[in-house]
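The values are calculated or read from the model by the stated rules, or taken from the named source; none is laboratory data. These figures come from a predicted structure and were not determined experimentally. Backbone-built Cβ (ideal geometry, glycine too); neighbour counts: all protein chains shown.
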Amino acid sequence: MSGHGQGNPAVVGLAGFGLTTLLLQFHNLGWCGTGVVFCAAIILGGGAQLVAGFQEFRCGNNFGYSAFTVFGAFWLALGLIWLILDLQAAANTFVGNHLKIAPADIGMFLVAFTLYTAIMWLAALRISGMMAFTFTTVLLGFIGLDLVFLAGMKQLMTAVAVDLIVCSLSAWYMMAHIIFLQVFGRDILPVGKPWIATRTATRVPAVQEAAACES
């Protein structure tokens, strides 16, 4: 099957984000270990999203460029954090005082990404209903994780995991929206109107669109 022009990098970015987020929640619910999550975080959550983000740059899409690149870097950084945690727990490793990580440090790491997500959430409200919904669940998930790691509210973890499972499935919905629109030639999975409308005449390309990038 062939198409015209270039593909939409969002189908890769959304797939990588959704799959890695889903696997991490499976771990948080006690359904799988962290080994497969680490591998997915490096290859899909990190690598695939970085590739998608760099391609969104060529499309002139600042939202997709920032979201995929930064969240791709988030997964790579999280994988590195897990690696350092394992190394610092082992004997005779190179992890010194400057590389040691405490639970509160992970909490502050999550707070920083919560603030970034809040900015992207505001922008997502202007893109589509499904984009706004997805970033709302991302933001709520980060807030919940902040409370788990900084306030010790571990009882929230199950609710956070369920919220982020919904988030990952929402990302896949947008991915399927783009793919199905091209394959079937009609909008089988509508993404809904933006939650915030403006009178701006200029239209900004969004990551959920099915139109191929112009080279």
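Name the residues in the range 103-122 that are over 14 Å from Phe74 (Cα atoms) and either surrounded by 11 or more Cβ atoms within 10 Å (Cβ to Cβ) or at pLDDT 95 or above (or both), would you? If the condition is that a residue be over 14 Å from Phe74 (Cα atoms) and either surrounded by 11 or more Cβ atoms within 10 Å (Cβ to Cβ) or at pLDDT 95 or above (or both), then Pro103, Asp105, Ala118, Ile119, Met120, Trp121, Leu122 are the ones that fit. Against the definition (surrounded by 19 or more Cβ atoms within 10 Å (Cβ to Cβ), touching a residue at least 60 places away in the same chain (Cβ under 8 Å) and part of a helix (DSSP H, G or I)), how does Phe71 come out, yes or no? In short, no. With respect to the conditions (1) surrounded by fewer than 19 Cβ atoms within 10 Å (Cβ to Cβ); (2) over 26 Å from Ile165 (Cβ atoms); (3) within 17 Å of the chain's Cα centre (by Cα); (4) not aromatic (Phe, Trp, Tyr), Gln6 lacks only one, and its number is (3).
For the structure I just gave you, tell me whether Phe63 is among the aromatic types (Phe, Trp, Tyr), touching a Gly at 6+ places or on another chain (Cβ under 9 Å) and touching a residue at least 40 places away in the same chain (Cβ under 8 Å). Spelling it out, it is not the case that Phe63 is among the aromatic types (Phe, Trp, Tyr), touching a Gly at 6+ places or on another chain (Cβ under 9 Å) and touching a residue at least 40 places away in the same chain (Cβ under 8 Å). Applying the criterion of being within 20 Å of Ala124 (Cβ to Cβ) and touching a residue at least 12 places away in the same chain (Cβ under 8 Å) to the residues of the range 181-193, the residue that is nearest to the chain's Cα centre (by Cα) is Val191.
Of the numbered criteria (1) β-branched (Val, Ile, Thr); (2) out of contact with any helix residue (DSSP H, G or I) (no Cβ under 6 Å at 6 or more places or on another chain); (3) farther than 18 Å from Met120 by Cα, the one Ile178 fails is (2).
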